[in-house]
Amino acid sequence: MKLDILIFAAHPDDAELGCSGTIVAHIAAGKKVGIVDLTRGELGTRGTPETRAAEAKAASEILGLSVRDNLDLADGFFVNDKAHQLKVVEKIRQYRPELVIMNAIHDRHPDHGKGSQLVSESCFLAGLKMIETNGPDGEKQEAWRPKVVYHYIQDRYIKPDVIVDITPYWEKKLESIRAFKSQFYNPADSSENTYISSPEFMEFLEARAKEFGHAIGVTYGEGFTVERHIGVKNLFDLI
């Protein structure tokens with residue numbers, strides 16, 4: 001399956017928190033979008049890998065994804081080396097996206113920055129035909145490099161290079177986040193509290209989205225950083 005956009009996330013729920021409004025906006029515009037989670041989030045204080053997988057499936061259905069995959073890398077301990085890069089390269093070549101979106105370049109959780117660097121370098125390597133990989137069917141894969149890569153912004157503030165208006169899709173973003181019932185605020189859940197399970201964290205998410213939205217004159221926005229300058233053919237493409 002060829003995708004228009006492929007999102008990589010260090011943990012299940014990273015993509016929902018960072019860019020689910022943008023995902024829904026592009027699916028509504030007819031684009032095919034998929035997510036590849038790098039790990040199963042097995043080191044999380046709340047929930048289990050099994051519950052996280054079920055929650056990711058529910059979130060995927062809410063978002064309308066074409067595909068969701070998981071590389072099953074070691075949560076907290078994956079590294080940016082050849083073996084891990086080749087796993088990411090295989091997914092890029094399998095789905096052949098025009099655009100790749102990945103974790104923040106640096107963040108509170110070290111896996112986010114590590115995942116960002118791993119995927120960024122793998123996007124370049126995927127375009128080198130001398131690197132040989134095989135797809136799920138065992139067939140040799142052709143080289144493929146996405147045209148553009150973006151990084152979503154997560155917990156720590158990073159000045160965005162581009163902001164997407166997600167105002168029409170804000171409620172759908174929240175719905176996809178709440179699909180991860182084990183991870184976020186639920187007054188009926190007596191599990192151990194964590195940084196992201198407090199009601200204040202959900203308030204922070206809305207404040208961040210409003211801050212980014214305010215910067216471009218809309219209600220809610222999602223911010224992204226880029227690795228190269230953004231080019232347009234028409235200045236009226238800007239809002």
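The values are calculated or read from the model by the stated rules, or taken from the named source; none is laboratory data. None of these values were measured; they are calculated from a predicted model. As a convention, Cβ positions derive from the backbone with ideal geometry for all residues, glycine included, and neighbour counts pool all protein chains shown. When the accessible area is computed, the model is the full protein with side chains, heavy atoms only, and any ligands, DNA or RNA have been set aside. Shrake-Rupley method; radii C 1.70, N 1.55, O 1.52, S 1.80 Å.
A straight Cα-to-Cα reach below 26 Å connects K57 with the lysines K2, K31, K32, K87, K91, K114, K172, K173, K181, residues fewer than 8 places away in its own chain not being considered.
Computed packing ranks the peptides 76-85, 154-163 as 154-163, 76-85, most packed first, by mean other Cβ atoms within 10 Å. The accessible surface of the range 89-232, taken with every protein chain in place and a 1.4 Å probe, is 52 percent carbon and sulfur.
Taking 7 Å steps out from each Cα toward its Cβ at I239 and I216 produces label points 0.6 nm apart.
Nearest-5 percent of antiparallel DSSP beta bridges in the chain?
The antiparallel proportion sits near 30 percent.
What the chain shows is 51 Å² of accessible area per residue, with the surface traced by a 1.4 Å probe over protein heavy atoms. Helical runs assigned H by DSSP (4 residues or longer) give the chain a calculated mean residue ellipticity at 222 nm of -11500 deg cm²/dmol, each run adding -39500 (n - 2.57) before division by the residue total. Computed from phi, the 3J(HN,Hα) profile of the range 53-58 under the Karplus parametrisation 6.51, -1.76, 1.60 (θ = phi - 60°) reads 5, 5, 5, 5, 5, 5 Hz, with x in place of Gly and Pro. Taking Lys and Arg as +1 and Asp and Glu as -1, the other residues whose beta-carbon sits under 12 Å from that of G135 total -1.
Taking 7 Å steps out from each Cα toward its Cβ at Q117 and D81 produces label points 1.4 nm apart. Placing a pseudo-label 7 Å from each Cα along the Cα-to-Cβ vector at E203 and L43 gives an inter-label distance of 3.0 nm. With Cα atoms as the point set, the radius of gyration and Dmax of the range 1-92 evaluate to 13.2, 37 Å. Scattering from the range 74-176 was approximated by placing one identical point on each alpha carbon and applying the Debye formula without solvent; log10 I(q)/I(0) at 0.12, 0.14, 0.15, 0.16 1/Å stands at -0.49, -0.64, -0.72, -0.80. Annotation: amide H-H contacts under 5 Å for M102 (H modelled 1.01 Å from N, sequence separation of 5 or more, or interchain): F8, Y150, H151, Y152.
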